[in-house]
Amino acid sequence: MISNEIEFHAPATLGEALGLLADDGDDVTVLSGGMSLVPMMNLGIVRPTKVLSLNKVRELAHVTERDGQLVVGALVRHAEVAANPLIRRHCPVLASAAEVIGDIQVRNRGTIGGSVAHADPAADYLPVLAALGGSVTLASSAGERTLTPAEFFVDLMFTSREPEEIVTAVSVPKLAAGWRSAYTRLARVEGSFAIVNAAAVVAGDHSSATVGLGGVGPSPVVVDVTEQLRDGADEAALAAVGAVVREAARDASGDLMSDATYRREMAAVFARRACAAATATQAEVRS
Ligand SMILES: Cc1cc2nc3c(=O)[nH]c(=O)nc-3n(C[C@H](O)[C@H](O)[C@H](O)COP(=O)(O)OP(=O)(O)OC[C@H]3O[C@@H](n4cnc5c(N)ncnc54)[C@H](O)[C@@H]3O)c2cc1C
């Protein structure tokens with residue numbers, strides 16, 4: 001139950017929102033879809049006294065192309081990430097991850113900016129951003145900065161965002177023709193958070209192959225599997241991917257959903273599946 005009074009702000013421009021944070025950043029909590037924040041408020045885990053809603057800031061709700069990248073505004077909802085024609089065409093693995101987030105209500109409200117800011121280690125976007133070498137853009141009234149996933153995701157549900165900053169966009173590379181990608185996840189039931197998840201991004205000629213993993217540590221893990229997949233993705237190559245992924249996931253820890261050994265093993269299994277799916281012809285990017 002939310003029992004305290006809340007001062008609520010809903011500016012229509014990014015400039016106004018940043019102005020509010022510049023004056024009062026330490027005391028203001030940003031609200032996007034509310035799919036993580038509101039449950040935390042209901043449970044009394046957080047008790048914000050000032051809430052800054054971004055929901056009227058339309059300039060954050062667009063997907064655009066810039067310098068070979070797709071720039072996805074922070075307020076773009078998961079359902080739009082899943083359906084957006086530019087994303088589906090040039091970076092289908094991001095759409096695949098968005099498609100399986102929670103349920104339809106969560107996908108219709110939750111945003112990509114809120115998801116990365118929340119930084120749940122099993123969130124569906126995180127391994128995808130890691131595998132793609134995407135980036136997160138933050139703005140404050142002092143300017144803008146763009147960070148790699150490794151720079152942004154610092155620890156368990158902890159990012160390098162400063163209190164006066166807003167996540168304004170997530171950028172991913174437009175995959176060149178012939179590149180292939182796939183996203184896989186292990187969850188107990190459809191609609192629940194992943195226990196582990198894996199994204200694979202592979203060049204058409206196998207000169208580059210990367211796996212991003214979630215759920216095996218406080219922040220996403222990137223594994224270069226180019227050597228393992230250089231000559232194709234037969235059973236032996238996929239077994240070699242499993243071996244390097246198991247080693248990369250060595251710091252996984254246990255929780256109520258699974259113990260550490262199971263997470264490591266499942267990371268290996270789902271990374272192999274992602275690589276197998278990514279190297280299948282239908283996953284090819286056609287530009
Ligand atoms: C039932 C349920 C099932 C779910 N299942 C999944 C799942 O399977 N996979 C998955 O990945 N996620 C899942 N989620 C989480 C969901 O994806 C949320 O949408 C996401 O975590 C937060 O996005 P939001 O826009 O709702 O952010 P909010 O809840 O509004 O905010 C989350 C946090 O980020 C901060 N924040 C929000 N936007 C910004 C911004 N632009 N700049 C700076 N800080 C910001 C807030 O202050 C808050 O701390 C689930 C949620 C629910 C309720």
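Which one of S208, L60, T49 has its Cα pushed farthest toward the positive end of the charge dipole of the chain, where Lys and Arg give +1 and Asp and Glu give -1 at the Cβ?
Comparing the listed Cα positions along the dipole, S208 ranks first.
State which helices in the chain qualify, where a helix is a whole DSSP H run, it must extend 18 Å or more along its own axis by its Cα atoms, and its mean Kyte-Doolittle hydropathy must be at least 0.5.
235-248
In whole Å, how far is the Cα centre of the stretch 108-175 from that of the stretch 1-72?
14 Å
Over the chain, with every protein chain in place, what whole percent of the accessible area is carbon and sulfur at 1.4 Å, could you tell me?
51 percent
Where does the charge balance sit around P173 when Lys and Arg score +1, Asp and Glu -1, over other residues with C-beta under 12 Å from its C-beta?
Local charge sum for P173: 0.
Probe 1.4 Å, all protein chains in place: accessible area of S3 in Å², nearest 10?
90 Å²
With Cβ to Cβ distances under 12 Å as the rule, what net charge do the other residues near P48 carry (K, R +1; D, E -1)?
Combined, the nearby Lys, Arg, Asp and Glu give -3.
So how exposed is I195, as accessible area in Å² (1.4 Å probe, rounded to 10)?
Answer for I195: close to 10 Å² accessible.
Using the crude model of +1 on Lys and Arg Cβ and -1 on Asp and Glu Cβ, and no other charge, please compute the dipole size for the stretch 1-148 relative to its Cα centre, in debye to 20.
Dipole magnitude for the stretch 1-148 comes out near 440 debye.
Using the Cα atoms as the points, what is the convex hull volume per residue of the stretch 180-283 in Å³?
Considering the Cα atoms of the stretch 180-283, their hull volume per residue is 88 Å³.
Per residue, what accessible area does the chain have, given a 1.4 Å probe and all protein chains present, in Å²?
45 Å²
With Rg and the Kirkwood Rh both taken from Cα atoms, where does Rg over Rh land for the stretch 64-142?
Rounded to two decimals, Rg over Rh is 0.94.
Over the chain, with a single point scatterer placed on each C-alpha, what log10 of the ratio I(q)/I(0) does the Debye formula yield at q = 0.15 1/Å?
One equal scatterer on each Cα of the chain leads to -1.10.
Just how large is the dipole of the chain about the Cα centre, in debye to the nearest 20, putting +1 at every Lys and Arg Cβ and -1 at every Asp and Glu Cβ?
Computed charge dipole of the chain: roughly 840 debye.
What does the highest-first list of 215-224, 241-250 look like by mean Cβ count within 10 Å?
Averaged packing, sorted descending, gives the order 215-224, 241-250.
The values are calculated or read from the model by the stated rules, or taken from the named source; none is laboratory data. For clarity, every value in this text was computed on a predicted model and none was experimentally measured. Don't worry about glycine lacking a Cβ; one is built from the backbone with ideal geometry, like all the others, and counts go over all protein chains shown. Side chains are part of the model used for accessible areas, which takes the heavy atoms of the whole protein and leaves out ligands, DNA and RNA. Shrake-Rupley method; radii C 1.70, N 1.55, O 1.52, S 1.80 Å.
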